[in-house]
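Working notes, beginning with the structure itself.
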Amino acid sequence: MTYTFAVPAADPVTAAAHFFARLSFETDVSDVHADLTAGTPGLVVVDSRGADAWAQGHLPGAVHLPTAEIATRAAELVSAGSAVVTYCWGPGCNGATRAALEFARLGHPVKEMLGGYEYWVREGLPVVTGAGLTRRPVDDLTAPRSTVSCDC
């Protein structure tokens, strides 16, 4: 018996629609890093965590806007028409999903960054802390040590 295909795979057309839909809702830390490095115009990366988490470290250039404040403060921090990427702690947290929902309700094109702050840090990407810009060593279970991209 095969476990992988105990339930048959979807037909290719249905599968393509499913995977395209997922990519329209989600992005990953490597792609966000590339866009921030390139200075992609109109992109706003939003950290939806609380003040203590923000102070512990956050993505360079990110806007701090906890989810509970998005409805009332987004207009002052995020320009109309900006494309928004939300992040929270990591894969075990749905805070970025809730934040993305709030931005979608406000009419912004929005994606959730998979892996959140945890995978940003684990992939050795730069973070801002009270001590300034810093990086932790790459966790080779999440990214190759020789590059910040999995080349996928």
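For the range 1-52, how many residues are assigned to a loop (DSSP other than H, G, I, E, B) and under 29 Å from Ala71 (Cα atoms)? Walk me through how you get there before you give the answer.
Of the range 1-52, the ones assigned to a loop (DSSP other than H, G, I, E, B) are 1-11, 39-42, 48-50.
Now restrict to residues that are under 29 Å from Ala71 (Cα atoms): 39-42, 48-50.
Number of matching residues: 7.
Restricting the search to the range 63-73, which residues are out of contact with any His (no Cβ under 8 Å at 6 or more places or on another chain) and either surrounded by 15 or more Cβ atoms within 10 Å (Cβ to Cβ) or under 21 Å from Arg122 (Cα atoms) (or both)? Give the steps one after another, and end with the answer.
First, the residues of the range 63-73 that are out of contact with any His (no Cβ under 8 Å at 6 or more places or on another chain): 63, 65-73.
Listed by number, the residues that qualify are Val63, Leu65, Pro66, Thr67, Ile70.
Being in a helix (DSSP H, G or I), touching a residue at least 40 places away in the same chain (Cβ under 8 Å) and over 12 Å from the mean Cα position of the chain (by Cα) narrows it down to one of Ala75, Ala104, Ala99, Ala55, so name that one.
Values: Ala75 fails: touching a residue at least 40 places away in the same chain (Cβ under 8 Å); Ala104 fails: touching a residue at least 40 places away in the same chain (Cβ under 8 Å); Ala99 fails: over 12 Å from the mean Cα position of the chain (by Cα).
Of Ala75, Ala104, Ala99, Ala55, the one residue that is in a helix (DSSP H, G or I), touching a residue at least 40 places away in the same chain (Cβ under 8 Å) and over 12 Å from the mean Cα position of the chain (by Cα) is Ala55.
Assess whether Leu114 counts as being surrounded by fewer than 20 Cβ atoms within 10 Å (Cβ to Cβ) and modelled with pLDDT under 95.
On the way: surrounded by fewer than 20 Cβ atoms within 10 Å (Cβ to Cβ): yes; modelled with pLDDT under 95: no.
So Leu114 fails the test.
Take Thr86 and decide whether it is among the hydroxyl-bearing types (Ser, Thr, Tyr), part of a strand (DSSP E or B) and either on the phi < 0 side of the Ramachandran plot or in contact with a strand residue (DSSP E or B) (Cβ under 8 Å, 6 or more places away or on another chain) (or both).
Values: among the hydroxyl-bearing types (Ser, Thr, Tyr): yes; part of a strand (DSSP E or B): yes; either on the phi < 0 side of the Ramachandran plot or in contact with a strand residue (DSSP E or B) (Cβ under 8 Å, 6 or more places away or on another chain) (or both): yes.
Against the criterion (among the hydroxyl-bearing types (Ser, Thr, Tyr), part of a strand (DSSP E or B) and either on the phi < 0 side of the Ramachandran plot or in contact with a strand residue (DSSP E or B) (Cβ under 8 Å, 6 or more places away or on another chain) (or both)), Thr86 qualifies.
Can you spot a residue in the range 117-126 that is in contact with a strand residue (DSSP E or B) (Cβ under 9 Å, 6 or more places away or on another chain), over 15 Å from Ser48 (Cα atoms) and in a strand (DSSP E or B)? Working first, answer last.
From the range 117-126, those in contact with a strand residue (DSSP E or B) (Cβ under 9 Å, 6 or more places away or on another chain) are 117, 119-121, 126; that's our starting set.
Imposing the further condition that a residue be over 15 Å from Ser48 (Cα atoms) reduces the set to 119, 121, 126.
Next cut, in a strand (DSSP E or B) only: none.
Checked against the condition, which is being in contact with a strand residue (DSSP E or B) (Cβ under 9 Å, 6 or more places away or on another chain), over 15 Å from Ser48 (Cα atoms) and in a strand (DSSP E or B), the range 117-126 yields no hits at all.
If I filter the range 104-116 for residues that are within 20 Å of Asp31 (Cβ to Cβ) and in contact with a Gly (Cβ under 6 Å, 6 or more places away or on another chain), do I get at least one hit?
Going through the range 104-116, the residues within 20 Å of Asp31 (Cβ to Cβ) turn out to be 104, 108-116.
If we keep only those that are in contact with a Gly (Cβ under 6 Å, 6 or more places away or on another chain) too, we end up with 116.
For the range 104-116, residues within 20 Å of Asp31 (Cβ to Cβ) and in contact with a Gly (Cβ under 6 Å, 6 or more places away or on another chain): present.
State the number of residues belonging to the range 1-33 that are closer than 25 Å to Tyr119 by Cβ and free of Cβ contacts under 8 Å to residues at least 24 places away in the same chain. Talk me through it step by step, then tell me what you get.
Step one: list which residues in the range 1-33 are closer than 25 Å to Tyr119 by Cβ, which gives 18-33.
Remaining after also requiring free of Cβ contacts under 8 Å to residues at least 24 places away in the same chain: 18-23, 31.
Qualifying residue count for the region: 7.
Table: residues versus (1) surrounded by fewer than 19 Cβ atoms within 10 Å (Cβ to Cβ); (2) in contact with a Lys or Arg (Cβ under 7 Å, 6 or more places away or on another chain); (3) closer than 26 Å to Pro144 by Cβ.
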{"position": "Ala51", "(1), (2), (3)": "yes, no, no"}
{"position": "Gly61", "(1), (2), (3)": "yes, no, yes"}
{"position": "Tyr87", "(1), (2), (3)": "no, no, yes"}
{"position": "Thr97", "(1), (2), (3)": "yes, no, no"}
{"position": "Arg105", "(1), (2), (3)": "yes, no, no"}
{"position": "Trp120", "(1), (2), (3)": "no, no, yes"}
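Can you name the number of the only condition in (1) surrounded by 11 or more Cβ atoms within 10 Å (Cβ to Cβ); (2) of a type outside the set (Lys, Arg); (3) within 24 Å of Asp139 (Cβ to Cβ); (4) over 13 Å from the mean Cα position of the chain (by Cα) that Ala34 fails?
All conditions pass for Ala34, except number (4).
His58 - would you say it is closer than 26 Å to Asp139 by Cα and not hydrophobic (A, V, I, L, M, F, W, C)? Show your work before the answer.
Numbers: closer than 26 Å to Asp139 by Cα: yes; not hydrophobic (A, V, I, L, M, F, W, C): yes.
So His58 fits the description; yes.
The values are calculated or read from the model by the stated rules, or taken from the named source; none is laboratory data. What you see is a predicted model, and the numbers here were worked out from it, not measured in a lab. Note: ideal-geometry Cβ built from the backbone for every residue, glycine included; neighbour counts use all protein chains shown.
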